[in-house]
Structures are given as C-alpha cells and as structure tokens.
Amino acid sequence: MSGPKGVLYTFALLDEGSTCTMVDASVVENLGLEGPRDPRIKWTNELTRKEKGSRRVTFEVSGTDTMKRFRLHNVRIVVNMALPTQTVDMSCFSRQWANLEDIPFKSMENDQPLLLIGSDNILRL
C-alpha cells in the first residue's frame, strides 16, 4: 500500500461478498491518507453503521513482486477493524495444487490483514 508518507507492507483479504473496501485506521496515519469525512458505512443486507471519524480515502496497492499498481477508491476507514489472523503455507498449497507452483505468493503466519478489498474495488485488480 502506498500514500503520500510512504509504503506499508501488509496482507489484504479479497471479499467479493463485502460491498465496500475497508482499511484499518492505523494504516491511514502511517501513509498520510486524507479524504472527506463520512461516518456512515453500509454493511451487508442494507445495514448501516456509524463509524466516528471515518473518511473515504484513495490509495494504491501492489504486490511485492511487481511494479504494477492498482488504485483503490472510496476506501472506508475503520478503527480497529480486527480481521482475524491468517496462516497460509504456500509451499504446502503448491505441493497440493501444481498449478500454484509458479505463482509468487508469500506464506503468512498469524498475520492480521489491515485491508479488506470489497466488491466496489475488486474489479480494479
């Protein structure tokens, strides 16, 4: 992820069931992201939630192995998003599914994603 103040390396979850893209508030400060305040976040099944201090921001993401960047728009800031930690052993996956062998995914161990990419941005990738 990149912004005016620099770059942050983190994991992201792709969730086509989520109607909006969300980022943890801790990232926003580190990257120097700014945008209009909008505390109302629309969740699943037309439910809405007020997230005090939430804004809509735009920033770029990329993989660690490529220079290609993707711009994410209207990303909602959420304080303490608290996505569950994830563990994925890519060497195990590539042994089980040969078609993944040449894909440069990094393994992760008890890592907490700070970005959830929803259906509003998933086609930009």
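Readers should treat all values here as calculations from the given coordinates under stated rules, not as data from a laboratory. Keep in mind that what you see is a predicted model, and the values were worked out from it rather than measured. So basically every Cβ, Gly included, is an ideal-geometry build from the backbone, and we count neighbours across all protein chains shown.
Below are the figures for this structure:
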| read-out | value |
| --- | --- |
| Tally of residues being out of contact with any Cys (no Cβ under 9 Å at 6 or more places or on another chain), of a type in the set (Gly, Ala, Ser) and in contact (Cβ under 8 Å) with a residue 12 or more places away in the chain across the range 83-109 | 1 |
| Residue check for Ser62: more than 15 Å from Ser18 (Cα to Cα) and in contact (Cβ under 8 Å) with a residue 60 or more places away in the chain | yes |
| Qualifying residue in the range 37-52 (condition: loosely packed, with under 11 Cβ neighbours inside 10 Å and in contact with a helix residue (DSSP H, G or I) (Cβ under 9 Å, 6 or more places away or on another chain)) | no |
| Options Leu114, Leu123: the member that is touching a strand residue (DSSP E or B) at 6+ places or on another chain (Cβ under 9 Å), within 17 Å of Gly63 (Cα to Cα) and of a type outside the set (Val, Ile, Thr) | Leu114 |
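Conditions tested, residue by residue: (1) closer than 22 Å to Gly6 by Cβ; (2) surrounded by 12 or more Cβ atoms within 10 Å (Cβ to Cβ); (3) out of contact with any Asp or Glu (no Cβ under 7 Å at 6 or more places or on another chain).
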| position | (1), (2), (3) |
| --- | --- |
| Val61 | yes, yes, yes |
| Met67 | yes, no, yes |
| Arg71 | yes, no, no |
| Val88 | no, yes, yes |
| Gln96 | no, no, yes |
| Ile103 | no, no, yes |
| Glu109 | no, no, yes |
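To keep it simple, each residue is scored yes or no on (1) within 19 Å of Glu16 (Cβ to Cβ); (2) in a loop (DSSP other than H, G, I, E, B); (3) among the aromatic types (Phe, Trp, Tyr); (4) touching a Pro at 6+ places or on another chain (Cβ under 8 Å).
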| site | (1), (2), (3), (4) |
| --- | --- |
| Leu33 | no, yes, no, yes |
| Gly53 | no, yes, no, yes |
| Lys68 | no, yes, no, no |
| Val75 | yes, no, no, no |
| Ser94 | no, no, no, no |
